[in-house]
Structures are given as structure tokens and as C-alpha cells.
Amino acid sequence: MTDTPASTRPATLLPDAQTVTEVKHWTDRLFSFRVTRPQSLRFRSGEFVMIGLMGENGRPLLRAYSIASPAWDDELEFYSIKVPDGPLTSKLQHIQPGDQIILRPKPVGTLVHDALLPGKRLWLLATGTGFAPFASLLREPETWEKYDQVVMMHTCREVAELAYGQELVAKLREDELIGELIGDKLFYYPTTTREDFSHMGRVTDNLTSGKVFRDLGLEEGLTAERDRAMICGSLAFNVDVKAILEAAGLREGANSDPGHFVVEKAFVGDGI
Ligand code: FAD
Ligand code: A2P
């Protein structure tokens with residue numbers, strides 16, 4: 001497959017075209033970008049859409065992407081992996097401001113407030129790019145209005161992979177409007193598993209050992225009455241976290257049947 005930069009293709013051929021406004025590379029495997037938002041696009045913070053580029057065969061090459069920006073933002077933000085031989089991301093990683101991407105304006109997803117019953121403490125549990133839907137929900141005022149405590153656990157193999165989340169959380173706390181809403185409700189717990197860092201370990205281990213509760217000074221244990229959770233990571237991660245929540249008596253919810261926790265895959269496949 002050739003590695004044609006997105007900018008060399010004629011923009012006018014793209015259906016549902018949106019213009020790239022900003023691109024930031026975080027590591028050799030991760031980048032984020034912002035695009036214009038179609039005026040008609042309404043979505044709920046936490047949902048995903050199909051985005052992509054025109055393929056070599058003249059047909060759109062689309063993949064599911066969580067919208068990382070909140071529903072109130074004028075633009076749309078995405079946080080992306082770069083899969084070396086990935087049909088889409090081997091090209092998408094070369095986009096630059098002014099380029100166009102395809103965006104199908106049909107948002108869907110289960111990582112939304114509507115799919116959860118009211119609760120007191122919300123757990124946002126992610127690995128890798130599974131942080132993306134939570135980048136939206138952390139910037140969503142409803143998150144802070146609905147819960148007394150929000151615990152953001154994000155685990156990556158290496159420290160550099162945490163940077164997007166770390167910068168976002170730092171900016172959130174500084175933001176005049178959201179910062180005030182957040183107050184002392186945010187408990188951020190980034191960890192690594194394969195490089196030394198201030199906090200280490202898998203989300204699953206830190207939950208079951210009680211370490212995360214002790215480190216953050218949180219009331220220990222998970223209960224169906226108090227705790228709500230949203231999970232977004234690899235299939236193995238989702239399955240393991242789900243088992244922990246179910247063992248604590250929490251029930252999975254959906255848009256049509258709100259529950260105590262919701263799950264979405266951060267990607268399909270085994271990871272790279
Ligand atoms: P693909 O052929 O799609 O993937 C090749 C292989 O790379 C996969 O089999 C898998 O092993 C691995 N892989 C793919 N995506 C990832 C990933 N994100 N992290 C680790 N390994 C991966 N990707 C994002 O980068 N950001 C998002 O916000 C995002 N949201 C998604 C939401 C949903 C509901 C789903 C189902 C997927 C989401 N993905 C997201 C994955 C995305 O759809 C593509 O798989 C990804 O962009 C790679 O596309 P590709 O064509 O280059 O490679
Ligand atoms: P680990 O390094 O111990 O495998 P990956 O890049 O493989 O998707 O993993 C991203 C992060 O998620 C890594 O820190 C990894 O830890 C962790 N992880 C992978 N699988 C699981 C799982 N089943 N439960 C909890 N954490 C997981």
C-alpha cells in the first residue's frame with residue numbers, strides 16, 4: 001500500500017468533507033486532531049462517529065472514532081492510534097491543517113450519561129486510546145452536575161502515552177468555567193505497566209487490591225447504590241473490568257435500559 005499524504009488528494013471529491021484545523025503528535029504511535037463541525041451534527045458527549053479518507057479505489061475508507069471533544073464545542077476533536085500498516089491510520093497520521101477528512105454525521109454509542117442510572121461516584125476506566133470518549137465526558141458539564149466524585153483511571157504501557165490525557169486534565173482544572181464546576185470532584189489516576197511512573201499497575205489490579213482507593217483517599221469498595229462506571233479499552237480489558245463490576249453487584253446498562261455501568265470497545269482486534 002502506498003503512503004499518499006492526505007493533502008495530495010483533491011478535497012472536492014470527498015463526501016461529508018470536514019476541514020482539519022489542528023494536528024498534534026504525542027508519540028510515534030499517537031496523535032490528536034481537530035476538524036470543523038458540520039452545523040447539523042448533534043451528538044451526546046461520549047458517542048462515536050465514522051470518519052476516514054478516500055481510499056485508493058475511490059471509495060471512502062471509514063473507521064469508528066470516539067468524538068474526544070464535548071457536545072458544546074464548535075469543532076470536533078479525535079485522538080488516534082497510528083497503526084503502521086493500518087489501512088486508514090497509515091494515511092490519516094499524515095493529515096495537516098487545511099486537509100479534508102470524511103465524517104459521517106451519525107453519532108452512536110453507549111458511553112453516555114443517558115445509559116446510566118443516577119449515582120454518586122463515576123468511574124471512567126480506560127486503556128490507550130480508550131481515553132478518547134472520556135476526553136469528551138470530562139469536558140461535559142453534565143458529568144460534574146450529576147456526580148459528587150469522578151475517578152478517571154487511564155493505563156498505558158509507557159509514560160509518554162499518558163501525555164494527551166495529562167494535558168487535558170491539567171487544562172480542565174485551569175479552565176475558568178469547567179474548573180469551577182469540577183471543584184474537588186475529579187480524581188485522576190494515570191498509571192503505566194511497563195515503565196516506571198509515580199503510579200503503576202493495571203486498572204483491574206489497582207481496583208481489586210484496593211490500591212486506587214487508598215492512594216486517592218476514596219471510600220473503599222464498589223456498590224450498586226453508589227458507583228457507576230464507563231469502560232473503554234481492548235476487549236480483554238473490557239471483559240476483565242466488567243467481571244469485577246459484576247462481582248460487586250453492578251449491572252450493565254444500555255441506552256434503552258440504563259444500568260450501573262456501560263462498556264465500549266476502544267478498537268477491534270488484539271492491539272499492536
Ligand atoms: P485497522 O485495520 O482498523 O486495525 C488494525 C489493527 O490495529 C487492529 O486489528 C488492532 O489490533 C489495532 N488497533 C486498531 N485501533 C487501535 C487502537 N485505537 N488502539 C490500539 N490498537 C488498535 N481508534 C482510535 O485511534 N481512536 C478512537 O477514538 C477510536 N474509537 C473507536 C470506537 C469504536 C466504537 C471502535 C469499534 C473502534 C475505535 N477505534 C478508535 C479504532 C478505529 O476504528 C480503527 O481501528 C483505527 O483507527 C485503526 O484503523 P486502521 O484502518 O489503520 O487499522
Ligand atoms: P500490561 O502492560 O500489563 O499488558 P495494550 O497496549 O496491550 O492494549 O495495553 C494497554 C494497557 O492496558 C497496558 O498497560 C496493559 O497492561 C493494560 N491491559 C491489557 N490487557 C489488560 C487486561 N485484560 N486487564 C487490565 N489491563 C490490561
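The values are calculated or read from the model by the stated rules, or taken from the named source; none is laboratory data. Remember, it's a predicted structure, so these values are computed and weren't measured experimentally. All Cβ positions, glycine included, derive from the backbone under ideal geometry; neighbour counts span all protein chains shown. Please note that ligands, DNA and RNA were not included when accessible areas were found on the heavy atoms of the full protein model with its side chains. Shrake-Rupley method; radii C 1.70, N 1.55, O 1.52, S 1.80 Å.
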(request) Confirm whether Ala126 is touching a strand residue (DSSP E or B) at 6+ places or on another chain (Cβ under 8 Å), within 13 Å of ligand 1 (Cβ to nearest atom) and not assigned by TED's automatic domain parsing to the domain that holds Thr155. (result) no
(request) Test Leu235 against the criterion of being within 15 Å of Arg121 (Cβ to Cβ), touching a strand residue (DSSP E or B) at 6+ places or on another chain (Cβ under 8 Å) and not assigned by TED's automatic domain parsing to the domain that holds Thr89, and give yes or no. (result) no
(message) Residues that are in contact (Cβ under 8 Å) with a residue 60 or more places away in the chain and either away from ligand 2 (no atom under 16 Å from the Cβ) or surrounded by fewer than 18 Cβ atoms within 10 Å (Cβ to Cβ) (or both): list the strands (runs of 3 or more DSSP E) wholly contained in segment 181-272 that include at least 2 such residues.
(response) 227-233
(request) State which residue is nearest to Ser234 (Cα to Cα) when the search covers only segment 142-168 and only residues that are among the polar types (S, T, N, Q) and surrounded by fewer than 19 Cβ atoms within 10 Å (Cβ to Cβ). (result) Gln166
(request) Hey, can you tell me all the residues within segment 24-47 that are open to solvent by 40 Å² or more (accessible area, probe 1.4 Å), at pLDDT 95 or above and either of a type outside the set (D, E, K, R) or at positive phi (or both)? (result) His25, Trp26, Thr36
(request) Please work out if Lys171 is open to solvent by 10 Å² or more (accessible area, probe 1.4 Å) and free of Cβ contacts under 8 Å to residues at least 12 places away in the same chain. (result) yes
(message) So for segment 124-133 (the condition being open to solvent by less than 30 Å² (accessible area, probe 1.4 Å), in contact with a Cys (Cβ under 7 Å, 6 or more places away or on another chain), under 22 Å from Thr21 (Cα atoms) and not aliphatic (A, V, I, L, M)), does at least one residue qualify?
(response) yes
(message) Go through segment 74-116 and report how many residues are of a type in the set (Asp, Glu), surrounded by fewer than 16 Cβ atoms within 10 Å (Cβ to Cβ) and assigned to a loop (DSSP other than H, G, I, E, B).
(response) 2
